[in-house]
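Here's the structure, in structure tokens; my notes come after.
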Amino acid sequence: MGFYDCCVRCMGAIPYPSLVATLLWFAGAALFCGAGHQALDHTEVLVETHFARNPEDYVVMDSFIRYFQYVIYGLASFFFLYGVFLLAEGFYSTSAVKQQFGEFRSTQCGRGLSLTFIIVTYILAFIWLVVFAFSIIPLFFLFNMEQTCHNINILAETTPSINQHNWICMDARQYGLLPWNAMPGKSCGMTLASICKTSEFHVVYDLYIAAFAGAGVMLLALFVYLVATTYNYAVLRFLGRKGIR
């Protein structure tokens, strides 16, 4: 019974919501950083090969991709450390809520630390919501490109002269991938349809989907953690007002 009681007590002290949020956080961060890094490399190859002829036209995009890849390295480290801190804080607040005050006491400093984590996580959730929204931009471009290629293929089957009518195009300049003076900057007709059949296109499309999904999983993890820690902090405040310190 002693061993059983010890196991039950240990299992009861585990912050399951914070643990789930941490696992989601790590999984989403790995997916976002890994897929995002590779997607940027493939985007550079795709644009350089099919949408630009002069290296000077994509030098800005190349610099941005390199800079953002370094940012991803830093984000990966930050996400790992912050996930560990959130899980540790979850153990602290859950232990306090379980009222295990014989060996562990909730102090005013501890409650202040919990509040600090909540505020920081709220700010991070807002920032990450913006990142999540912006991560859909490359998906929007690739989705439109795929749909355009699909329309070209349909027209090619029904209209034999589609090869002479390059009026259906995808312009990378409209999405900010290239400057407006880039040549050609766009791909049209069956040339565009052939690009959509390449492995480069499908790989970069799948990678951006994975990165977008990872950003969504991380956003979900932040919301789960905020709900759990806000509830725990409210209980800690209530216990503190009752004189438990």
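The values are calculated or read from the model by the stated rules, or taken from the named source; none is laboratory data. It should be emphasised that the depicted structure is a prediction, and the values quoted were computed from it without experimental measurement. A quick note on method: Cβ atoms are made from the backbone with ideal geometry, for glycine too, and the neighbour counts reach across all protein chains shown.
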Residue match in segment 53-69 (condition: in a helix (DSSP H, G or I) and among the small types (G, A, S)): yes
For segment 114-130, the count of residues that are surrounded by 15 or more Cβ atoms within 10 Å (Cβ to Cβ) and aliphatic (A, V, I, L, M) equals 4
Just for segment 103-117: of the residues that are under 10 Å from E89 (Cα atoms) and of a type outside the set (S, T, Y), which one is modelled with the lowest pLDDT? G110
Of the residues in segment 196-228, how many are of a type in the set (V, I, T), within 15 Å of N144 (Cα to Cα) and either touching a His at 6+ places or on another chain (Cβ under 8 Å) or not in a helix (DSSP H, G or I) (or both)? 1
Among the residues of segment 144-159, is there at least one that is part of a loop (DSSP other than H, G, I, E, B) and modelled with pLDDT under 80? yes
Selection count where residues are without any contact (Cβ under 8 Å) to a residue 12 or more places away in the chain and among the β-branched types (V, I, T), scope segment 58-76: 2
Could you tell me how many of the residues in segment 190-234 are farther than 22 Å from V45 by Cβ and more than 26 Å from the chain's Cα centre (by Cα)? 3
Return yes or no: is S77 small (G, A, S), part of a helix (DSSP H, G or I) and modelled with pLDDT of 85 or more? yes
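Condition first: at pLDDT below 85, of a type in the set (K, R), closer than 30 Å to A228 by Cβ and surrounded by fewer than 20 Cβ atoms within 10 Å (Cβ to Cβ). Can you find one or more residues in segment 45-58 that meet it?
Just the residues of segment 45-58 that are at pLDDT below 85, to begin with: 45-58.
With the extra rule that they be of a type in the set (K, R), the set shrinks to 53.
So of that shortlist, the ones also closer than 30 Å to A228 by Cβ come out as none.
Looking through segment 45-58, none of the residues is at pLDDT below 85, of a type in the set (K, R), closer than 30 Å to A228 by Cβ and surrounded by fewer than 20 Cβ atoms within 10 Å (Cβ to Cβ).
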